[in-house]
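First up is the structure itself, then whatever we jot down about it.
A short reminder: the numbers here are calculations on the coordinates, not readings from a lab. These numbers were taken from a predicted model, which means no experiment stands behind them. Every residue, glycine as well, gets a Cβ built from its backbone with ideal geometry; the counts of neighbours run over all protein chains shown.
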Amino acid sequence: MPRIKTPKKFNFWTNLGVFSIIAPWLIGAILIGQSIEKVNLMMFVQFAWFVGMCVVLIYWLVQRKKGFVCPDCKTPIPDTLENSGEDGEPIMHYCKKCDVLWHTGKIPLSG
């Protein structure tokens, strides 16, 4: 029977990664707004900054989703276990080698 574990470092690095993208996004937007006097140029630079940071965030999330590695044996586990997709349901990865179910988060609440 598989054991259920939570990969503490995985969740820490996921949260840190999101923060390290969102913080520069906001700081950059504030600095752009304060340093450019011409409204049209500022709006163009703000839009380009927004689009660029969206690309970075999406790329990071895709890489993070396919990059789960079992913390115990270092085996890559690319796919999550299939679930119903209901709000609050756990997101799990199964390592066959260790016989461990890794609980990496929950499906966000939609309402």
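Between D72 and I58, the modelled labels are 3.7 nm apart [label points 7 Å from Cα along Cα→Cβ].
Taking the helices alone, the chain has a mean residue ellipticity at 222 nm of -18000 deg cm²/dmol, built from -39,500 (n - 2.57) per DSSP H run of at least 4 residues and averaged over all its residues.
Compared with the direct C-alpha span, the chain from L101 to I4 gains 34.5 nm at full extension, assuming 0.36 nm per residue. With the highest mean first, a sort of the peptides 29-38, 89-98 on other beta-carbon atoms found within 10 angstrom per residue produces 89-98, 29-38. Taking θ as phi - 60° and the Karplus parameters 6.51, -1.76 and 1.60, the scalar couplings of the range 37-44 work out to 7, 6, 5, 5, 5, 4, 5, 5 Hz in sequence order, x denoting glycine and proline. Evaluating 6.51 cos²θ - 1.76 cosθ + 1.60 at θ = phi - 60° for every residue in the range 21-31, the Karplus couplings come out as 9, 6, 4, x, 4, 5, 4, x, 4, 5, 5 Hz, glycine and proline recorded as x. Beta bridges from DSSP with both residues in the chain: antiparallel share about 70 percent, rounded to the nearest 5. Taking one quarter of the surface of the C-alpha convex hull of the range 3-106 gives a mean projected area of 8.1 nm². On a C-alpha basis, how far is the centre of the range 24-70 from the centre of the range 76-97 in Å? Whole number, if you could? Result: 30 Å between the Cα centres. Taking the Cα of S20, stepping 7 Å toward and past its beta carbon, and measuring to each backbone N in the range 47-89: which are under 13 Å? Output list for this probe position: 60-61, 64.
Checking Cβ-Cβ separations below 4.7 Å across the chain identifies C54, C73 as cysteines lacking any candidate disulfide partner. Taking every C-alpha pair closer than 8 Å and separated by at least 6 residues, the mean separation divided by the residue count of the chain gives a relative contact order of 30 percent.
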